[in-house]
């Protein structure tokens, strides 16, 4: 079992879905997890971790506000002395065909899904360089690799994460900091559960493994890339999609 004892991890968008699963799994492997989300939305995640015997703090964070990001990261360093792992998971979707897409929907998706990852990574790089170690993992999407009609903004943001991560990986590799991406396919979350069973069945038919993925599937990939076992892996995209896009 991967051992993350003594590591301090920040997970953005940790209030539900993939972010919550990542936070819970990292904590179960021994990491102290800072679960970050808007307002007090991460409190339930922290409670679940603590009930299971893990260690976690909640952090109020608006990822689109650079001041909020810097304050959160500064607080983590002040309280815990280090940051070993950053998981850029916070994200939104504002789907619409390009002909009808509002500029504000483009801007909000890019700001939340891509620019926020820049701000968070920039904030944690300084303490990681000082300690000469770190792991940054960003959550992209199969849509960022293959595209999808009605999601030009989302696809651009998720593809941007891949390019951003590869470039940053080259910048910081000599400091023993790795930067990687996990690209989930269709994952069983609150959003997909709200779609009719017939539609879900049609999606599953496009996946060679024959089912939607679970948030735990994605969390396991993140946990591996955040571990010492992945110390020689950087600038890579790990697809967790059941073979949907090869």
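The values are calculated or read from the model by the stated rules, or taken from the named source; none is laboratory data. In this text the structure is predicted, and so the values were computed from the model without any measurement. When we count neighbours, we look across all protein chains shown, and the Cβ atoms used for this are built from the backbone with ideal geometry, even at glycine.
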Kindly indicate the residue of segment 162-180 that is touching a helix residue (DSSP H, G or I) at 6+ places or on another chain (Cβ under 7 Å) and assigned to a helix (DSSP H, G or I) and also nearest to residue 145 (Cα to Cα) among those meeting that condition.
162
Listed by first then second residue, the pairs whose first member lies in segment 221-246 and is within 16 Å of residue 162 (Cα to Cα), whose partner is crowded, with 19+ Cβ neighbours inside 10 Å and at pLDDT below 95, with beta carbons under 7 Å and at least 6 positions apart or on separate chains, are none
Out of (1) in contact (Cβ under 8 Å) with a residue 12 or more places away in the chain; (2) part of a helix (DSSP H, G or I), the odd one out for residue 68 is which?
(1)
For the subset of segment 163-181 comprising residues that are more than 19 Å from residue 243 (Cα to Cα) and surrounded by 20 or more Cβ atoms within 10 Å (Cβ to Cβ), which member is nearest to the chain's Cα centre (by Cα)?
180
In segment 119-142, which residues are in contact with a strand residue (DSSP E or B) (Cβ under 9 Å, 6 or more places away or on another chain) and in a helix (DSSP H, G or I)?
120, 121, 123, 124, 125, 127, 128, 129, 142
Could you please let me know if residue 184 is closer than 18 Å to residue 215 by Cβ and either in contact (Cβ under 8 Å) with a residue 24 or more places away in the chain or buried (at least 22 other Cβ atoms within 10 Å of the Cβ) (or both)?
yes
Please indicate, with yes or no, whether at least one residue in segment 205-219 is under 16 Å from residue 138 (Cβ atoms) and at pLDDT 95 or above.
yes
Given (1) modelled with pLDDT under 95; (2) part of a loop (DSSP other than H, G, I, E, B), index of the condition residue 232 fails
(1)
